[in-house]
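To keep things clear, I will list the structure first and then write my remarks on it.
The values are calculated or read from the model by the stated rules, or taken from the named source; none is laboratory data. Just so it is clear, the structure is predicted and the values come from calculations on it, not from any experiment. As a convention, Cβ positions derive from the backbone with ideal geometry for all residues, glycine included, and neighbour counts pool all protein chains shown. For accessibility, only protein heavy atoms count, side chains too; no ligands or nucleic acids. Shrake-Rupley method; radii C 1.70, N 1.55, O 1.52, S 1.80 Å.
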Amino acid sequence: MSSPATQPVIVGIGEWLDRPADPRDGLEPVDLMLRAARVAEDDARAPLLQQVDSLDVVNLSSWRYRDAPGLLAECLGIDPSHRAYGAVGGESPLRLIQDAAERIIDGQSRVALICGAESQSTVGKAAAQGITLPWTHWAEDGPAPLRGHTLVHPLAAALGCDRPATVYPFYETASTAHWGQTPSAAQRESGELWSRYARHAAGNPCAWLREPYSPADVTTPSEQNRWIAWPYTKRMTANPQVNQGAAVLVTSLALARRAGLPEERLVHIWGGVHANEPGDFLARDHYWESHAQSTVLESARHLAGGVFEAMELYSCFPCVPKMARRALGLPARFEPTVTGGLTFFGAPLNNYMTHATCAMVRRLRASRSFFPGLLYGQGEFVTKHHALLLARRPYPGHPDLAFSSVQSIADSRRGEVPPLEISPAGEGQLEAFTVIHRRDGSVAHGVAILRTPSGTRTLAEVAADDAWTLAVLTSSEVAPIGRRGLLQPTSRGHSRWSLPR
C-alpha cells in the first residue's frame with residue numbers, strides 16, 4: 001500500500017446546466033466550465049481552486065478558443081504548471097482523470113482540475129435565428145475539432161459513413177446475427193436497455209431530457225422519433241444539442257485529510273485500463289465485437305475483483321453497452337448507468353464521461369458498499385476504449401500497478417483483416433449494413449460491408465429504389481448477414497450491391 005501522500009482521491013464534483021430562453025443569454029463553454037469548477041470547490045468543502053497546479057480541459061466542439069485551458073485559468077485566477085487540452089474522444093475525460101491521478105502518485109501535482117463543457121444547443125439555435133452570440137471571439141486559428149471524414153477511409157466518406165450514426169449500425173447489425181437474434185429481438189433488447197437509461201436520466205437533475213421513455217417510445221419510429229440509420233431511431237442515438245458543463249477535483253489523500261475533508265466523501269481512484277482498435281473501421285477483422293472493448297472490460301472486472309457497486313457503460317448507440325454487457329458476462333436485466341445515457345442525459349460531445357464521473361461519485365458516497373464503480377467510455381467509431389474504477393476505499397495494492405494499457409492483449413486477439421477493394425464486380429457476401437435516412441424519413445441509400453470470393457472486403461451502396469434488397473435488409477424477423485448478392489461498379493468510384501429475387 002502506498003503512502004497517503006500519493007493516493008489519488010476525488011474530492012469535488014460540479015455540474016452546470018444552461019437553458020436560456022434567448023440564445024443571447026446563453027453561457028459559452030468557458031463560462032459553463034467556470035461555474036462547474038466553482039460548484040466542485042463548494043462540493044469539496046475546501047478552498048482548493050487556488051491550489052490547482054494541474055488543469056486539463058476536455059476537447060471542445062461547439063465553440064473554438066485559441067487556448068481554452070489558458071482562458072479558463074485566467075478566469076479562475078490561477079496559474080497551473082500543467083495545463084493541457086484533451087484529444088477528441090468520448091473516453092478522453094477518463095484518460096484525463098487517470099493522468100491527473102498518476103501525477104498525484106508521482107508527486108508532480110497536488111491538486112488537479114479536469115473540466116469540460118459544450119453549448120451546442122445555444123449555438124444551434126443562434127445559427128437558426130441568425131443571432132451573433134456575444135461570446136469570446138471565435139478563434140479561427142484555434143485548434144479545430146476532428147471531423148468524421150478525416151477519421152475514415154475515403155470510400156466510407158463517399159458513401160456517407162463518416163458520422164457515428166452511420167457507422168455504429170454496422171456493429172449493431174453484425175452482432176445481432178452473431179448472437180443469433182432476430183432483428184425484432186435485438187430491437188426489444190435495445191428498447192428495454194434505453195428505457196433503463198431514460199429512467200436514470202429522469203432522476204438526474206443535471207440531465208437534459210428527464211422523461212421516462214418506455215421501450216416502445218425508444219424503438220417505434222414516429223414524427224418525433226424518425227429513423228436515422230437502420231436500425232436506429234432518433235431516440236437511440238446520442239443527443240449533442242445540449243448546454244452542459246462538468247468539473248472534477250482530484251488531490252491526494254494526505255492533502256484531503258489536512259484540509260479536514262470528511263473521509264466518507266472521498267472517492268479513491270483505483271486505476272484504469274485502455275486499448276484501441278485500428279482507426280479505420282474498415283481495417284478491423286469483424287464487426288460483432290471490439291477486441292479492445294472486451295479486453296479493457298475484462299481487465300477492469302479483474303481489477304475490481306469481479307464485483308461492481310455500479311457501472312456506467314458508454315451509450316452513444318445501443319450496440320456499445322450491448323457488446324459491453326456480453327464482455328462482462330452480465331445478465332440481460334442489469335443497470336447500465338448512474339447518469340442517464342447520451343440520448344437522455346445528453347451528449348456534450350467529448351464530455352459525457354466527466355458528468356458520468358460526477359454521477360458515480362454521488363452514487364459511491366451514498367452507498368455503504370466498498371465495491372468499486374466502473375466507468376467505461378469509448379471514442380470515435382468503436383475505436384478508443386477506457387475504463388476507470390472508483391471506490392470508497394483505497395485500492396488494495398500499489399496504485400502504480402493499476403494503471404495500464406492492455407493493447408498487446410487486444411492485438412493478440414485480432415484475426416486477419418481482409419484487404420479493401422474499392423469497386424469490385426461479382427459476388428459479395430453481407431458482413432454488416434445500414435440504411436441511411438433523410439430528415440424527412442425517406443431512404444437516402446443503404447450501405448453494405450461485404451466480403452468477396454477472392455477474400456477482399458468492400459463497402460458498397462444499396463440503391464434507394466432497390467425495394468427488394470432494402471426489404472430483405474430491414475426484415476424484422478430474419479437477420480440478413482451472410483446473404484450473397486451482386487456487386488456492380490458505378491461511375492462514382494464504388495460498387496452497388498443488390499440481392500437476387
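Students sometimes get this wrong: rank S290, S498 by accessible area, probe 1.4 Å, all chains present, largest first.
Working: S290 0, S498 35 Å².
I get S498, S290, largest accessible area first.
Among 268-278, 183-193, how do they line up from the highest to the lowest mean number of other beta-carbon atoms within 10 Å? Don't jump to the answer; show the numbers that get you there.
Working: 268-278: 23.9, 183-193: 19.6.
So the peptides 268-278, 183-193, ranked by packing, come out 268-278, 183-193.
Looking at the chain, I'd like the Rg to Rh ratio, where Rg is from alpha-carbon atoms and Rh is Kirkwood's inverse mean 1/r.
Working: Rg = 22.9 Å, Rh = 23.4 Å.
My calculation of the ratio gives 0.98.
From the backbone phi of region 372-387, what are the Karplus-calculated ³J(HN,Hα) couplings (6.51 cos²θ - 1.76 cosθ + 1.60, θ = phi - 60°) in whole Hz, Gly and Pro given as x?
Calculated HN-Hα couplings, in order: x, x, 9, 10, 10, x, 9, x, 6, 10, 6, 9, 10, 10, 8, 10 Hz.
From the phi of every residue in region 174-189, what ³J(HN,Hα) in whole Hz does the Karplus formula 6.51 cos²θ - 1.76 cosθ + 1.60 yield, where θ is phi - 60° and glycine or proline is x?
Working through the residues one at a time gives 5, 6, 3, 5, 5, 7, x, 8, 7, x, 5, 5, 5, 5, 4, 4 Hz.
Tell me which residues come under 5 Å, amide H to amide H, from N243 once H is placed; ignore anything under 5 positions away on its chain.
It is D18, S121, by chain and number.
Project the alpha carbons of region 240-376 onto their principal axes and report the range along each, largest first, in whole Å.
53, 37, 29
DSSP loop (so not H, G, I, E, B), at most 12 other Cβ within 10 Å: list which GluC sites (Glu not before Pro) in region 426-501 pass both filters.
Here the sparse-neighbourhood loop sites are E477.
So how strong a dipole does region 50-169 carry about its Cα centre when Lys and Arg Cβ are +1 and Asp and Glu Cβ are -1, to the nearest 20 debye? Could you put the intermediate results ahead of the total?
Numbers: 9 positive and 13 negative charges, 74 e Å.
Taking the Cα centre of region 50-169 as origin, the dipole is about 360 debye.
Taking the Cβ of H445 as the centre, find all other residues whose Cβ is under 15 Å away and add up their charges (Lys, Arg: +1; Asp, Glu: -1).
Numbers: positive: R163, R438, R439, R492, R496; negative: D162, D440, E461, D465, D466.
Net charge around H445: 0.
Decide, for region 324-407, between rounded, prolate and oblate: order the square roots of the alpha carbon gyration tensor eigenvalues as a ≥ b ≥ c, take rounded if a/c falls under 1.5, and otherwise choose prolate if a/b is larger than b/c, else oblate.
Working: a/c = 1.45, a/b = 1.18, b/c = 1.23.
Here region 324-407 falls in the rounded category.
How high is the FRET efficiency between T456 and E223 when r is their beta carbon distance and R₀ equals 51 Å, given to the nearest 0.05? Working shown, then result.
Values: r = 42 Å, r/R0 = 0.82.
The computed FRET efficiency comes out at 0.75.
Give me the orientation-averaged projected area of the Cα convex hull of region 1-94, in nm², one decimal. Could you put the intermediate results ahead of the total?
Numbers: hull surface 31.1 nm².
It is 7.8 nm².
Using only Cα atoms, locate the centre of region 439-466 and the centre of region 229-292, then give the distance between them in Å, rounded to an integer.
33
Cross-link partners among lysines for K234, C-alpha distance below 20 Å, same-chain residues fewer than 8 apart left out?
K125, K322
I'd like the distance separating the alpha-carbon centroids of region 63-93 and region 99-128, in whole Å.
Going from one Cα centre to the other spans 7 Å.
Just to confirm a number: summing +1 for Lys and Arg and -1 for Asp and Glu over residues other than E91 whose beta-carbon lies under 10 angstrom from that of E91, what do you get? If you can, show how the numbers build up before the last one.
On the way: positive: R95, K384; negative: E380.
Net local charge, E91 excluded: +1.
Out of all DSSP beta bridges with both ends in the chain, state the antiparallel percent to the nearest 5. Show your work: numbers first, answer last.
Working: 60 of 78 bridges.
Around 75 percent antiparallel, to the nearest 5.
Over 15 Å apart: what share of the alpha carbon pairs of region 430-501 falls there, rounded to a whole percent?
Working: 1308 of 2556 pairs.
Here the long-distance tail beyond 15 Å is 51 percent of all Cα pairs in region 430-501.
Among the DSSP beta bridges whose two residues both lie in region 306-458, what percent are antiparallel, rounded to the nearest 5? List each step's numbers first, then the result.
Working: 17 of 22 bridges.
Close to 75 percent.
Do the sum for the chain: with -39,500 (n - 2.57) for every DSSP H run of n ≥ 4, divided by all residues, what is the mean residue ellipticity at 222 nm, to the nearest 500 deg cm²/dmol?
Working: 14 runs with 153 residues, N = 501.
Dividing the helical sum by the residues of the chain leaves -9000 deg cm²/dmol.
If you keep only loop residues by DSSP, which trypsin sites (Lys or Arg not before Pro) in region 3-98 have at most 16 other Cβ atoms within 10 Å of their Cβ? Please list the in-between numbers first.
Values: sites: R24, R35, R38, R45, R64, R66, R83, R95; in loops: R45, R64, R66.
Listed in order of number, the matching sites are R45, R66.
Just round it to a whole percent: the fraction of Cα-Cα distances in region 56-97 exceeding 11 Å. Could you put the intermediate results ahead of the total?
Working: 560 of 861 pairs.
Here the long-distance tail beyond 11 Å is 65 percent of all Cα pairs in region 56-97.
Which order do peptides 249-260, 7-18, 414-425 fall in by mean Cβ count within 10 Å, highest first? Provide the component values of the computation, followed by the final result.
Details: 249-260: 20.2, 7-18: 24.3, 414-425: 14.5.
Listed from highest to lowest mean packing, they are 7-18, 249-260, 414-425.
Quick one: net charge of A391's neighbours, Cβ under 15 Å, K/R +1, D/E -1?
With Lys, Arg at +1 and Asp, Glu at -1, the net is +4.
Quick one: Kirkwood hydrodynamic radius for region 108-258, alpha-carbon pairs, angstrom, one decimal? Walk me through the numbers on the way to the answer.
Values: mean 1/r = 0.0518 Å⁻¹.
Hydrodynamic radius (Kirkwood, Cα only) of region 108-258 equals 19.3 Å.
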